[in-house]
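Peer 1: Sharing a structure, written as structure tokens. Questions coming.
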Amino acid sequence: MKAKPDRYAVEPNSVYVWRGFKAAATSYGDFASFLGGVFVPGCALLQPEVGLRAYLPTMVPQANKPAAVPDQTALMFWATPQSHDLATQAIAVRIYQNLHGDAYDMVRSKLPEVPTALPGSGPIQAEQPYFLLNQKADWMKGSVHHLVGARRADLAQADFLNAAYQWASGFAKQPPDGIDAALLCCGNDYAVAWVHGPAANRDLSAALAGLAALTAPVLNAAPQPKKLPAGLWDSWPGLDLTKDTCINIQLKRPSPSVVAPQPPKATTPVQAFEVPHLALWKSCVAEVLAYELGLNHTTAGGIDLDHPLMRATDRYCRSVERNTPLPKPAADSTDEEAVQTYLSYLHHRRAHAKIAQNPEIEAYVARQIQEYKFGNPLWQQMFVQYFKYYWQYPYHKGGEPKYRSWQAADAGKGDLNYGVIKWRLPANARIAIVGDIGTGTDVAAGVLWAALEFNPDAILHVGDVYFSGTPFETRHRLVELVRSVAGKQGIPFFTVPGNHEYFTGAVSFLRALDSGDLVTEPSQQQSSSYFCLQTEDNGWQFLGLDTGYNGHYMNVPPAAQQAVLQRLHLGAVETPSGGDSHWPTKFNPYLSRPGDANLPVKDPTSAPPQVTLRPDEVTWHQDKLAKFTGRSILLSHHQLYSALQQCGIGQKQLPQADGSSQPDPSDFNRVWVNTGLWRQLGNAFGDKVAAWIWGHEHNLGIYQDNYRPADWPTNTPDALQIFKTLPKGRCAGHSAIPVQDVEAPYAQKYPVPLKSAELKLGLTGGWYNRGFELIELTGAGNPARISYFQLAGADPTPLPIFVEQIE
Amino acid sequence: MTSDKVKPVPPNAVRVWRGYRLPTLPVDQFYSKLGTVFVPATVLMQIQAGLYSYTPTVPAGLAGKPDTVPDETAILFWDSQETYWNGFTKLAVRTYTLTHGGVYLTANNQSRADLPVLFSGTLTAEQPVYLFDKAADWMHGTINHLVAGRAANVDPTAFQIAIANALSSIQKQVALEGAIACIGQDYLVYWELRSAAPGTPTPPTGIPQLQAVLSGWNQAFTPAPTFLPIGLWDEWAGMDVRAGSSFNMQFTRWL
């Protein structure tokens, strides 16, 4: 077994060395009362959560103490040298810092507090604290000795400071046995020093004897470990510092990762484009960059979001997606950003010219590319990669995306048990839920790591591997991610596809399942894009739904798809012949032309009105719901309803006599509700289905229990038999994709309220925290418990948000 | 144990705060202190000490506000006066209380909070009163708040009598869930609680009756229900407080 490192040890300059002088108008009794009643316990209780690691306050005896010697000393150790300042981001610390007791003479007490290394030559500088040993130590544990002394009367100030330097220098060169840390500060008229040793209950006074000899000691004592008997909200008067004069407060220190605030990392948004051509172009840019930068062996697959070519591609794709102008820079432009953006466009367009077998446009675009001085040979590789990928996938050959139907001869052969995971979850299983995790970011790995702290029996993912589920992306951002995190601990990973996997036809997604790399034993093998995972006691089952098959164009109306292609192939700009169609329609799998015999069998630009399951898959899930005696939880990528996104179709309008129209009260359709999915599975809601967890939106949505539109019909046959009430619908697509506060993910565009208004992800540095869920089962017939966790920025500590039961 | 349920508390279980900014603290720093420390700390440090509702308002910086009118007002309800007093046995409350000195003018008791008495037709300077002797839950429902200054041409006694008469009228004629008032030599602060079920007519307000007897600066506020998104130890820049901010803080009570 490996020895655990001392997780609370801190750097020697990660401490504030306080020397306080009592205000002249304050009596010593009031001073001690203020410090003991509020200040000292307040420090000890308000600050450990945000980085205080050790706190050793001392009341200096007043008897025979010269006025120049401090009335109080304290050491406050922080997790990092920056933690003290960063801690002010928390209200608790701001409260502590705003304590205004008028007890200190702040003019005299306002002294340098952060120690530095001992200089190479003496004397030491008055009032500057020094650390004598440059190594980490945990001052709350082990033994400490503290000296407070007045300058010896026979030593002049300069001699005193010189002699103190000599002592300190010798100490640093040859530390006494059993000492791992030491701090020293001298004023012109006093010295304070502390030594620390890792072993408990040791008398370390001898280590300070040399310094003590330079002073008339006022205090020479070992701070006594002192545990506070009460918390912030307990009734107690505080500490009696006239009795507990020299203490080492035993703080309640949370996990080190919690108590070590780090400067916020600059986060670059992951721009995910829902238009398949743009997503694939971005995939190619990222892949080529990963190889170029030597990041192709990393788990993340090296998405370098800040690379100039990636930023250029984002700008280009945004302009296309939003149909905004993309200005053509002058050939001699010095605006490199603008040129790279335009080059991204030109190379993407050139690839499509090649796909269209139009050498004229290809040559024309190539000539434009040559004009710019900021060209980059990587664009050429990206162009080649795009061309290669483009033809590898079924859509682009006019085929269907990959799907393994239980009915198909090459898959389930009519066996309804096809797709059922043979392996069973334990009756008291813990299951981690993550969503939209296939990003390759360190946040994704952090979320998985955090989830594993709870030792789950399985991880379930509600889909999406960015940007378009290419082999490279699937290998790195899904398989390697899971293998490196969950695989080592033997935890199986089950997943449904999102829309992004289907941008490349789910080919790589199914290969990843087939590789066996997502699971740890053959019985766990997931054979299809939908699955059924049950507990050993038949108390619970999880049904994974493949909404990606019909959902890959969900947010992109056919007209927008056409606009993208027209811009790539038919636009008036930059075409040598002034805007004529250069797209040979016989090669164009997207532009429907009557009479074209080569039209694809499936027109992927005709998005279904709302995402639904394939009918054969509905039959399969209904079979599982009907036969299972326990409770079921559904998992899908796409939403059943949303407060923010349109995922349904509008309510039918009835024409009125005056020419106006009124909503049809009998119609269940609402633009924020997927009535297609509800119609497919709603008959089992409540009786069989206890909850449905989905992703797609990169947010956590703990919606109101039993949500259904308030004006839905209630007593019609459909209402009673099909549109039954789902007890819990939850959005859990917040495991990796960064979301900024300005994106307003909690804007309630549609009337789907949260269960409670405050149940939202927190913000760290302007970015919404990412997170996961943990479902804990307690056997058949018992409610399950679902806990929602978030991670603050890059800190992998799971922070609880809310816990509720699923019944 | 916590609860979000509506629970009325006695009308005298409230501290009525009238705060004056330290003259050495610029008004923008005053707003900053309120938003980053005081308003959230009032809630977060005192929920577990029994705070029941908290409604702060910031007249500081409003055009024309006389210096004699408080820069910040607040009502802080507890489930009883005893709960309030017991709070000082807790470190959190002691700590929170000691943060005021660096922000408010506390010399000569100028910034102060007091418990109210039942209004009986007359007013005493700096003694808050409540108008309706019935329990109410001030975190829920609609609060209207009026802050006013005495006009220079009105003598303090006439100001006091005119306000008392208006309050008597409100007490007799206006059906409110609760009302609290306090005058000083030069100011009036008044809060009323109205409650209406959705779809029912808007309940009456007593504010016009008070405004009718005021000839000096006055400003009405409707405190906005406001949640704190974070806890004591979370990273958070704080609330946006500015001239005229008025909040009815929403939180889960500790029972």
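Peer 1: I want the local charge near residue A:384. Using Cβ-Cβ distances under 15 Å, sum +1 for each Lys or Arg and -1 for each Asp or Glu among the other residues.
Peer 2: Details: positive: A:349, A:350, A:354, A:388; negative: A:287, A:292, A:362.
My count for the surroundings of residue A:384 gives +1.
Peer 1: In percent, what relative contact order does chain A have, based on Cα pairs under 8 Å that are 6 or more apart in sequence?
Peer 2: Details: 1770 pairs, mean separation 82.5, N = 807.
In percent, rounded to a whole number, it is 10.
Peer 1: Separation between the residue A:449 and residue A:705 pseudo-spin-labels, each 7 Å from Cα along Cα→Cβ, expressed in nm?
Peer 2: Here the answer is 3.6 nm between the modelled labels.
Peer 1: Under 18 Å between alpha carbons, and skipping anything fewer than 8 positions from residue A:373 in its own chain: which aspartates and glutamates qualify?
Peer 2: Counting by Cα, and skipping residues close in sequence, residue A:373 has these aspartates and glutamates nearby: A:332, A:335, A:336, A:337.
Peer 1: Taking other Cβ within 10 Å of each residue's Cβ, how do A:283, A:319 sort, fewest first?
Peer 2: Values: A:283 27, A:319 18.
Ranked by crowding around the Cβ, least crowded first: A:319, A:283.
Peer 1: Limiting things to C-alpha atoms, what are the Rg and the maximum Cα-Cα separation (Dmax) for the stretch B:202-255, in angstroms?
Peer 2: That works out to 16.5, 47 Å for Rg and Dmax.
Peer 1: Using 5 Å bins from zero, what percent of all Cα-Cα pairs in the stretch A:21-61 falls into each bin?
Peer 2: Once binned at 5 Å, the Cα pair distances of the stretch A:21-61 give 5, 20, 28, 20, 14, 9, 4.
Peer 1: Let me ask something additional. FRET efficiency for residue A:134 and residue A:373, Cβ-Cβ distance as r, R0 = 35 Å, nearest 0.05?
Peer 2: Numbers: r = 50 Å, r/R0 = 1.44.
That gives a FRET efficiency of 0.10.
Peer 1: Considering Cα pairs under 8 angstrom that are at least six residues apart, work out the relative contact order of the stretch B:7-76 and quote it in whole percent. The partial results should precede the final answer.
Peer 2: Numbers: 64 pairs, mean separation 33.6, N = 70.
That works out to 48 percent.
Peer 1: Rounded to a whole number of µm²/s, how large is the Stokes-Einstein D of the stretch A:172-212 at 10 °C and 1.306 mPa s, given Rh as the Kirkwood radius over C-alpha pairs?
Peer 2: On the way: Rh = 11.1 Å.
Diffusion coefficient, whole number: 144 µm²/s.
Peer 1: Cα atoms only, the stretch B:117-255: Rg and Dmax in Å?
Peer 2: According to the Cα coordinates of the stretch B:117-255, Rg and Dmax are 16.8, 50 Å.
Peer 1: Next up: Under a point-charge model restricted to the Cβ atoms of Lys and Arg (+1) and Asp and Glu (-1), what is the dipole moment magnitude of the protein assembly as shown relative to its Cα centre, in debye to the nearest 20? Working shown, then result.
Peer 2: Working: 83 positive and 92 negative charges, 151 e Å.
Dipole about the Cα centre, nearest 20: 720 debye.
Peer 1: Per DSSP H run of at least 4 residues, take -39500 (n - 2.57); add these up for chain A, divide by its residues and hand me the 222 nm value, nearest 500 deg cm²/dmol.
Peer 2: Working: 21 runs with 194 residues, N = 807.
So the helix-based figure for chain A works out to -7000 deg cm²/dmol.
Peer 1: Quick one: give the max-minus-min coordinate of the C-alpha atoms of the stretch A:750-802 along each principal axis, largest first, in Å.
Peer 2: In descending order, the Cα extents are 43, 33, 14 Å.
Peer 1: Here is a further query. Once you order the gyration tensor axes a ≥ b ≥ c over the Cα atoms, which shape class does the stretch A:327-452 get: rounded for a/c under 1.5, otherwise prolate or oblate by comparing a/b with b/c? Intermediate results must be reported in sequence, preceding the final value.
Peer 2: Values: a/c = 5.43, a/b = 1.79, b/c = 3.03.
Taking the square roots of the gyration eigenvalues as a ≥ b ≥ c, the stretch A:327-452 is oblate.
Peer 1: Order by neighbour count: B:247, B:88, A:77, B:132, fewest other Cβ atoms within 10 Å first, most last. Write out the running numbers ahead of the final one.
Peer 2: Numbers: B:247 23, B:88 12, A:77 26, B:132 20.
Lowest count first: B:88, B:132, B:247, A:77.
Peer 1: Relative contact order of the stretch A:34-134, please, whole-number percent, based on alpha carbon pairs below 8 angstrom and at least 6 residues apart. Spell out each step's value before the answer.
Peer 2: Details: 86 pairs, mean separation 23.2, N = 101.
Once divided by the residue count of the stretch A:34-134, the mean separation gives 23 percent.
Peer 1: Based on the inverse mean of 1/r over its pairs of different Cα atoms, what is the Kirkwood hydrodynamic radius of the stretch B:11-166, in Å?
Peer 2: Numbers: mean 1/r = 0.0595 Å⁻¹.
Hydrodynamic radius (Kirkwood, Cα only) of the stretch B:11-166 equals 16.8 Å.
Peer 1: Treating each Cα of the stretch A:1-145 as an identical point scatterer and ignoring solvent, apply the Debye formula and state log10 I(q)/I(0) at q = 0.21 Å⁻¹.
Peer 2: Relative scattering, expressed as log10 I(q)/I(0), comes to -1.46.
Peer 1: Among A:153, A:719, A:529, which residue has its Cα furthest toward the positive end of the charge dipole of the protein assembly as shown, with +1 on Lys/Arg Cβ and -1 on Asp/Glu Cβ?
Peer 2: Towards the positive end, the residue furthest out is A:529.
Peer 1: I would also like to ask the following. I'd like the projected area of the protein assembly as shown, averaged over all directions, using the convex hull of its alpha carbons. Report it in nm² with one decimal. All intermediate terms of the calculation are to be shown ahead of the outcome.
Peer 2: Numbers: hull surface 217.0 nm².
Its average projected convex-hull area is 54.2 nm².
Peer 1: Oh, and also: Holding the Cα-Cα limit at 30 Å, pick out from A:141/B:90; A:173/A:226; A:136/A:252; A:388/A:624; A:760/B:65 the pairs that are longer than that. Walk me through the numbers on the way to the answer.
Peer 2: Working: A:141/B:90 28 Å; A:173/A:226 33 Å; A:136/A:252 20 Å; A:388/A:624 41 Å; A:760/B:65 38 Å.
Violating the 30 Å limit, Cα to Cα: A:173/A:226; A:388/A:624; A:760/B:65.
Peer 1: Counting DSSP beta bridges with both partners in the protein assembly as shown, what percentage is antiparallel, nearest 5? Don't skip to the answer; put the middle values down first.
Peer 2: Numbers: 116 of 151 bridges.
The answer is about 75 percent antiparallel.
Peer 1: For a 25 Å ceiling on Cα separation, which of these pairs sit above it: A:422/A:627; A:749/B:7; A:728/B:7; A:402/A:724; B:134/B:172?
Peer 2: Numbers: A:422/A:627 16 Å; A:749/B:7 32 Å; A:728/B:7 28 Å; A:402/A:724 32 Å; B:134/B:172 14 Å.
Listed pairs above 25 Å: A:749/B:7; A:728/B:7; A:402/A:724.
Peer 1: Per DSSP H run of n ≥ 4, the term is -39500 (n - 2.57); total these for chain B, divide by its residue number, and report the mean residue ellipticity at 222 nm rounded to 500 deg cm²/dmol.
Peer 2: Roughly -5500 deg cm²/dmol at 222 nm, from the helical runs in chain B.
Values quoted throughout were computed directly from the atomic coordinates according to the rules given, and no laboratory measurement underlies them. This structure is a prediction, so every number in the text was calculated from the model and none was measured. Because the Cβ atoms are built from the backbone with ideal geometry, glycine has one as well, and the counts that use them run over all protein chains shown.
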